[in-house]
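The values are calculated or read from the model by the stated rules, or taken from the named source; none is laboratory data. All figures in this text were calculated on a predicted structure; none of them were measured in a lab. Please note: Cβ atoms are built from the backbone with ideal geometry, for glycine as well, and neighbour counts cover all protein chains shown.
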Amino acid sequence: MPSEIIVRLGLPWRTSNIATLGDGSKTLFDFYTGTVVIWDGQYRTIDIAESETEPLLGLGILRGYRLQVDNVEGGIVKIEAL
């Protein structure tokens, strides 16, 4: 998430750590703590990496859920608790 949004939301800094990107490269990020409401109405505390790119959602938030995706334009996405 971009630093401007982190500051605007007042998210607390948690740690700096190296993370592995999708291409396998490793980068040092500052991580902040945030809370989100996920699809089943439950609150979940998440780590938010500071990065000056478009915000991305990691797959860690899906831990404990099944994800099914019809990978075509307009395809159906199903998320179910396990």
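Taking into account only those residues within the stretch 37-78 that are acidic (D, E), under 21 Å from S16 (Cα atoms) and in contact (Cβ under 8 Å) with a residue 12 or more places away in the chain, which is surrounded by the most Cβ atoms within 10 Å (Cβ to Cβ)?
Step by step, filter the stretch 37-78, then rank; the result is E50.
Which of (1) at pLDDT 85 or above; (2) in contact with an Asp or Glu (Cβ under 9 Å, 6 or more places away or on another chain) is the odd one out, the single condition G58 does not satisfy?
That leaves (1) as the condition not met.
Going through the stretch 4-25 one residue at a time, which ones are of a type in the set (G, A, S), more than 19 Å from V36 (Cβ to Cβ) and not in a strand (DSSP E or B)?
Hits for the stretch 4-25 are G22, G24, S25.
Between Y43, Y65, which is touching a Ser or Thr at 6+ places or on another chain (Cβ under 7 Å) and either modelled with pLDDT of 90 or more or among the aromatic types (F, W, Y) (or both)? Show your work before the answer.
Working: Y65 fails: touching a Ser or Thr at 6+ places or on another chain (Cβ under 7 Å).
Being touching a Ser or Thr at 6+ places or on another chain (Cβ under 7 Å) and either modelled with pLDDT of 90 or more or among the aromatic types (F, W, Y) (or both) holds for just one of Y43, Y65, which is Y43.
Only one of D23, D40, D70, D47 is among the charged types (D, E, K, R) and under 20 Å from S3 (Cβ atoms). Can you tell me which?
Values: D23 fails: under 20 Å from S3 (Cβ atoms); D40 fails: under 20 Å from S3 (Cβ atoms); D70 fails: under 20 Å from S3 (Cβ atoms).
Just a single option satisfies the conditions, and that option is D47.
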